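Everything below concerns the one structure shown next.
The values are calculated or read from the model by the stated rules, or taken from the named source; none is laboratory data. Since this is a predicted model, take the numbers as computed values, not measurements. Cβ: placed from backbone, ideal geometry, glycine included. Neighbour counts: every protein chain shown.
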Amino acid sequence: MKIPFALLLQAATDLPARLNALEAAAKTAQSAGDNAWMLTSAALVLMMTGPGLALFYGGLVRRKNVLSTMMHSFIMMALITVIWAIVGYSLVFSEGTPFIGGLKYMFLNGVGKEPNADYAGTIPQGTFMIYQLMFAVITPALISGAYAERIKFSAMALFTTLWVLVVYFPMAHMVWGKGGLLNAYLGGSIRTFDFAGGTVVHITSGVSALVCALYLGKRKGYPTEPIKPHSMVLSVIGACLLWVGWFGFNAGSALAASGLATSAFVATHLAAAAAALGWMGAEWLHSGKPSMLGGISGCVAGLVAITPASGFVMPMPALLIGLLAGMFCFWMVTTVKNMFKYDDTLDAFGVHGAGGTLGALLTGVFATNLINDSPIGGKVIPLGLVDGHPAQILNQAIGVGVSVALAGTGTFIILKVCDLAIGVRATAEDEEQGLDLSQHGEEGYTLEA
């Protein structure tokens, strides 16, 4: 059967248009898939704060402080959202100086359904904005583990507002923003790798937590009186929600439904599992019994440590990072904390500060372009020590140092300002009564029939 020449000519003429249509359809499908994953990830990260962190921290305090502790996590979901929409997103992700962004996106001006090619080329900028908001929400909530049971609610709200403006937004811009000091991917001068927030989230919150604990002083009765968690059941549920939500935190940071997201997902799970075993094993040797508290503390420590490395490391190094984090953070909260006798109520520094630092440094050891081949300066280059680039460990240390210096200095100044303005610590009477009643006029449990 002969095909008419005219039909062949027509088919040849239509081919470019058909190919363009197929390419456009493929891009639309990719964008839709990426967008669905990123919106899901945003919801998972929000779940980490409430209910995850709220239950985890709430169960670890005494019964008279359960609502006030959970309120810290809940209020972040409202307070930080408003600040982020007005100015926070702009200060982090618009171009400015190496240390802070500008005001291009103030009041979310121009942030809508069109992608932002600098950060995530296939998803709407509105999706990227809301995903990054959830990181800003949970970071100051982590600090609350240090000042739980003794801070005034008004002081907590003022402190948090100032803290995100002075500490979080500048640090996030330096690491993730275009032209940020530590972001060599987008024009920065120092190549620090932080896939999902080891320096931005965990070191800043952990160091700030230590400063808060030292500034506020010890709780009434600590350490001479026994102060035990009032509900380990709540804390276990919270820790499990954190574990699940962390997949949005780390795998979502790939900003696409991609192989890199899969790699980060796998690394996250392996590290959490190894860290839970590492902490419980160390505890078993130390005290003769493995505890549920040790298990959930260990898994969180592993999740913290793998956060900066999750998008850069192979599975077996992820296991090793988790195992080391579990044992190291156990040592921090048992030996170091007892040695210096500071009252970090829920061990925010021992887990997030210490675990985040360990993870950031080990990222410099195990980062490899076999996992993350995103180009820097237009070409794929060796990443960490395993790729033959040992200098990356120094770059990671610089990132850690910047985070520690900014968080430590900024937090101390903010606490001083808050103390002079309204006072930060609850009175001895309020603390004795419990912050649920003294700060909020309600109780977590009504035992009467």
Open item on the list: For region 216-226, check the following and say yes or no: at least one residue is touching a Gly at 6+ places or on another chain (Cβ under 8 Å) and either at pLDDT 95 or above or surrounded by fewer than 23 Cβ atoms within 10 Å (Cβ to Cβ) (or both).
Closed with: no
TODO: Could you pull out the residue among Val92, Val66, Val61 that is hydrophobic (A, V, I, L, M, F, W, C), under 26 Å from Met156 (Cβ atoms) and within 20 Å of the chain's Cα centre (by Cα)?
DONE: Val92
Task: One residue from Thr409, Thr345 being more than 18 Å from Ala309 (Cβ to Cβ), in a helix (DSSP H, G or I) and more than 18 Å from the chain's Cα centre (by Cα) - done: Thr409
Open item on the list: If Lys2 meets every condition in (1) part of a helix (DSSP H, G or I); (2) at pLDDT below 95 apart from one, which number is that one?
Closed with: (1)
Open item on the list: Just to be sure before I move on: is Leu165 under 30 Å from Gln433 (Cβ atoms), of a type outside the set (Phe, Trp, Tyr) and either out of contact with any Ser or Thr (no Cβ under 7 Å at 6 or more places or on another chain) or not in a helix (DSSP H, G or I) (or both) in the structure I sent?
Closed with: no
TODO: Could you grab me the full set of residues in region 291-313 that are in a loop (DSSP other than H, G, I, E, B) and surrounded by fewer than 19 Cβ atoms within 10 Å (Cβ to Cβ)?
DONE: Ser291
TODO: Looking only at region 112-140, count how many residues are outside any helix (DSSP H, G or I) and surrounded by fewer than 24 Cβ atoms within 10 Å (Cβ to Cβ).
DONE: 12
Open item on the list: Being of a type in the set (A, V, I, L, M, F, W, C) and not in a helix (DSSP H, G or I) narrows it down to one residue among Ile203, Ile143, Ile190; which is it?
Closed with: Ile190
TODO: Might you let me know whether region 94-104 holds any residue that is charged (D, E, K, R), surrounded by fewer than 18 Cβ atoms within 10 Å (Cβ to Cβ) and in a helix (DSSP H, G or I)?
DONE: no
Task: Residues (of a type in the set (Gly, Ala, Ser) and farther than 22 Å from Ala43 by Cβ) located in region 238-283 - done: Gly259, Ala271, Ala273, Ala274, Ala275, Ala276, Gly278, Gly281, Ala282
